[in-house]
1. Whether any residue in the range 501-520 is touching a Ser or Thr at 6+ places or on another chain (Cβ under 8 Å), surrounded by 15 or more Cβ atoms within 10 Å (Cβ to Cβ) and closer than 30 Å to P557 by Cα is what I want to check.
2. Out of A470, A451, A417, which single residue is small (G, A, S) and crowded, with 18+ Cβ neighbours inside 10 Å?
3. Out of L156, L169, report the one residue that is more than 14 Å from the ligand (Cβ to nearest atom), farther than 30 Å from P111 by Cα and crowded, with 18+ Cβ neighbours inside 10 Å.
4. Please enumerate the residues belonging to the range 210-226 that are surrounded by 16 or more Cβ atoms within 10 Å (Cβ to Cβ) and of a type in the set (A, V, I, L, M).
5. Is it fair to say Q203 is touching a helix residue (DSSP H, G or I) at 6+ places or on another chain (Cβ under 7 Å), within 13 Å of the ligand (Cβ to nearest atom) and at negative phi?
6. Can you spot a residue in the range 55-69 that is assigned to a strand (DSSP E or B), closer than 19 Å to D17 by Cα and free of Cβ contacts under 8 Å to residues at least 60 places away in the same chain?
7. For residues that are within 16 Å of the ligand (Cβ to nearest atom) and free of Cβ contacts under 8 Å to residues at least 24 places away in the same chain, tally how many sit in the range 424-445.
Amino acid sequence: MLRSADCGSLRSENTDDQVTLAGWIGRRRDHGGIIFLDLRDRSGIVQIVFNPETAPEAARIAEELRPEWVVQVKGTVNRRPDGSDNPAIATGEIEVMASEVTVMNRSLTPPFYIEDDAEADESLRLRYRYLDLRRPPMLHNLTLRHEVVKYIRNFLNDRDFLEVETPILIKSTPEGARDFLVPSRMQPGNFYALPQSPQQMKQLLMVAGVERYYQIARCFRDEDLRADRQLEFTQLDLEMSFVEEEDILNLTEELYTGMIESVTPEKTLRKPFPRISHQEAMERYASDKPDLRFGLEMTDVSDLAKETEFRVFLSTVEGGGQIKGIVGPGQAQFVTGQVKELEDTAKAAGAGGLVYIRYRGTNPVGQLTSEEILESAGLRMPPEWHQRLADKMGAGPGDMILLMAGRQPRLNTWLSAMRTHVSELLELTDPNELAFAFVTSFPLFDWNEDAKRWDSSHHPFTSPADGQEADLDGDDLGDIKSKAYDLVCNGSELASGSIRIHNRQLQEKIFGILGHSKEDTEAQFGQILEAFEYGAPPHGGIAPGIDRLVAILCDSPSIRDVIAFPKTQSGSDLLFDAPTPVDPKQLEELSLESTYKPE
Ligand code: ASP
């Protein structure tokens, strides 16, 4: 070994130990001829002292050392003199008095400091990712990710799950996104697809009698990278036979609570995880991934709004829309600029506007004067109406009611943006709190207005809710519930899953509703339909995303910070400079020709 101890492991108990360390040079300070250098390895940082009087040769070499050079240092652990402890680092009570130093490698001047706070632009960090990952917070993220995956593996192994690998080159398995395609050289004109998830394969493993499967699976979806997404991402993919929905939810809850209590014990969890139906989530929080760290629940006041003469309200209700809103607690004293910010939020979300009513007095709302009730839309309603509105919404003096009018599903998008904004304004969230919940009973289908057809709201393998199979022959397909569920946390979706269909006829019927012809169904899904005819057990599963979970546990704003080599929003790998054109010969071998003409 080129070293006898890790830099970050040394403590005052090691005083007088002879150690050999190896690592990278960090900050340097010179004091009256004595040189202090930070030496960093994965375990942390330790201060090395070079004294020209006691170790002249080492001190001479130390003069030349520059940031990020790799060195081996031999020396003695010394308790720091009184008053010079550095509580900011774990090794802050000691230093190492160097007797020898060997340069193992030099470094160019790094494009940014290798320190906790990266001031550097993210594209520079991605371009030099191997330097960025040297920064302690990034190493911390990689370590935490490792701990999460290790916990998952141990947990599932202890419960008799089999980890099974599934192929990356497969036939397209639709999950609603665009496939990445890989041309086949041996079969010209034919393509593999990269898995959007191992969905069909894990179901086939259930038919195979595996009963309990998992895999830390890479999934690929060729989507425009809105928000914080990646073209490839990692899921814990799992599937079980002979289970019902509650069995999967309980297992997931046990896994998450155990993992978080072990990996990030500083986080607070609410147990048990509430289960709310999709419908209730939409009604109360206007979102299928509600942030439950705070209330700010929605109230539908369409009936009261109809009593006004406000045209927007009346026409919305007549047109089948709703008037819904939230109460901003204590927001009545908001000044014009703050109210304008709320209006801007509404507009940015796509809403036509925001109606607000401020109750500025201290009496019961119904007794306030018209100066105390400030309305944005010139509603001018009697105090008695205001009392009924306030009662219905749970508002009191000092509060502000925020209302929006529109049709679903857009209204909920606006309301949800407003709810999030108000929670941020009022600082209602504690970053250490994790509010998990299961959202259940999703609709089986969503109407796709652009394509004028029904889409699966989860994926086509999801079972309809008990007792609703007959409704597949009716007209109200939008009312059919499914056995799909999501795990959400602090406003993000962390996992999706469902109890599956395991019967050929039912599965074929679903494909028919989704607009697949018989031939198309056979060509695309023949393998799984056939497997269902050979004794497919009842089964279901879930697929928790690893990237987002780790980002939440690391308090990272972006999943890119918890992925070793992520791509940018435009799908570029700045380190390898991918994607790039390929040699025309390679295309020829694949019987391909590019029709792309640069503009
Ligand atoms: N394959 C699904 C997905 O990736 C998850 C599941 O249903 O298990 O969302």
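The values are calculated or read from the model by the stated rules, or taken from the named source; none is laboratory data. All values reported here derive from a predicted model rather than from experimental measurement. Using ideal geometry, Cβ is built from the backbone for each residue, glycine included, and neighbour counts are taken over all protein chains shown.
1. Checking the range 501-520: not a single residue is touching a Ser or Thr at 6+ places or on another chain (Cβ under 8 Å), surrounded by 15 or more Cβ atoms within 10 Å (Cβ to Cβ) and closer than 30 Å to P557 by Cα.
2. Details: A470 fails: crowded, with 18+ Cβ neighbours inside 10 Å; A451 fails: crowded, with 18+ Cβ neighbours inside 10 Å.
After ruling out the rest, the residue left standing is A417.
3. Values: L169 fails: crowded, with 18+ Cβ neighbours inside 10 Å.
Of L156, L169, the one residue that is more than 14 Å from the ligand (Cβ to nearest atom), farther than 30 Å from P111 by Cα and crowded, with 18+ Cβ neighbours inside 10 Å is L156.
4. V210, A217
5. Working: touching a helix residue (DSSP H, G or I) at 6+ places or on another chain (Cβ under 7 Å): yes; within 13 Å of the ligand (Cβ to nearest atom): yes; at negative phi: yes.
Yes: the conditions hold for Q203.
6. no
7. Summing the residues that are within 16 Å of the ligand (Cβ to nearest atom) and free of Cβ contacts under 8 Å to residues at least 24 places away in the same chain in the range 424-445 gives 0.
Quick grid of which residues meet (1) over 24 Å from G545 (Cβ atoms); (2) out of contact with any Lys or Arg (no Cβ under 9 Å at 6 or more places or on another chain); (3) at pLDDT 95 or above:
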| position | (1), (2), (3) |
| --- | --- |
| A465 | yes, no, yes |
| A470 | yes, yes, no |
| G474 | yes, yes, no |
| S482 | no, yes, yes |
| Y485 | no, no, yes |
| L506 | yes, yes, yes |
